[in-house]
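The values are calculated or read from the model by the stated rules, or taken from the named source; none is laboratory data. Small disclaimer: the values here were computed from a predicted structure and weren't measured. Using ideal geometry, Cβ is built from the backbone for each residue, glycine included, and neighbour counts are taken over all protein chains shown.
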Amino acid sequence: MKLKSTLIVLSLVAAPAFASDQAVSKTREQVRAELAQAQRSGDMLAFGESGLTLKQINPGAYPVATSTQVGKSREQVRDELEQAIRTGDIMVAGEFGVKRNELMSGRYPTVASKSLKTRDQVKSELARAIREGEVVAVGEDGRKLNEIYPDRYHAAQHAAVAVTSDESTKAPRF
């Protein structure tokens, strides 16, 4: 009898904790209004397995979202277009997917790019990556060598940790 009365008291005490909060839940009208807004704006998921919204599949059927940001002036846009045409930094017409300066490099001035790392730095990074198995293995899964063969690169990881800890102990202490 004591167990039964204890369970009844506990259930009465715990009942409010499991009750849903009516202030947080939406009314039926609010849900219908949100559904209508999503249908008008195209934010509903399309049928099928694409995972795209209706607006992404058919953008012409839905209104364009207006931006509140201040855009560029007409002159600025024209200047940028003229500069892109001069430098060849504009896409080639058709389905090539390349810029004019990439396709016809002799017609446009070359842009000098400066490397941030020296050749020796790149070589040392490559050697470290090979030694530690940080190189992507051949295949379609995209895994690194140290993920496929952890036993081969386990010692290299411990050696790298030991070297860095030895260097930190040799540093002068103040």
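What number of residues within the stretch 126-142 satisfy the criterion of being touching a residue at least 12 places away in the same chain (Cβ under 8 Å), in a helix (DSSP H, G or I) and of a type outside the set (Lys, Arg)?
Residues that pass the stated criteria total 1.
So Gly60 fits all but one of (1) surrounded by fewer than 10 Cβ atoms within 10 Å (Cβ to Cβ); (2) outside any loop (DSSP other than H, G, I, E, B); (3) at pLDDT 85 or above; what number is the exception?
(3)
Could you tell me whether Thr68 is of a type in the set (Val, Ile, Thr), at pLDDT below 90, assigned by TED's automatic domain parsing to the domain that holds Glu34 and under 29 Å from the mean Cα position of the chain (by Cα)?
For Thr68, the condition - of a type in the set (Val, Ile, Thr), at pLDDT below 90, assigned by TED's automatic domain parsing to the domain that holds Glu34 and under 29 Å from the mean Cα position of the chain (by Cα) - is not met.
Could you figure out which of (1) in contact with a strand residue (DSSP E or B) (Cβ under 7 Å, 6 or more places away or on another chain); (2) within 30 Å of Val31 (Cβ to Cβ) isn't true of Pro59?
Pro59 satisfies every listed condition except (1).
In the stretch 33-51, which residues are modelled with pLDDT of 85 or more and either loosely packed, with under 12 Cβ neighbours inside 10 Å or under 30 Å from Lys99 (Cα atoms) (or both)?
Once the filter is applied, which keeps residues that are modelled with pLDDT of 85 or more and either loosely packed, with under 12 Cβ neighbours inside 10 Å or under 30 Å from Lys99 (Cα atoms) (or both), the stretch 33-51 yields Leu35, Ala36, Gln37, Arg40.
Return yes when Gly106 is assigned to a helix (DSSP H, G or I), free of Cβ contacts under 8 Å to residues at least 60 places away in the same chain, of a type outside the set (A, V, I, L, M, F, W, C) and loosely packed, with under 10 Cβ neighbours inside 10 Å and no when it is not. Can you show your working first?
Numbers: assigned to a helix (DSSP H, G or I): yes; free of Cβ contacts under 8 Å to residues at least 60 places away in the same chain: yes; of a type outside the set (A, V, I, L, M, F, W, C): yes; loosely packed, with under 10 Cβ neighbours inside 10 Å: yes.
Yes, satisfied.
Among the residues of the stretch 153-171, is there at least one that is part of a helix (DSSP H, G or I), within 30 Å of Asp79 (Cβ to Cβ) and modelled with pLDDT of 80 or more?
Taking every residue of the stretch 153-171 in turn, none turns out to be part of a helix (DSSP H, G or I), within 30 Å of Asp79 (Cβ to Cβ) and modelled with pLDDT of 80 or more.
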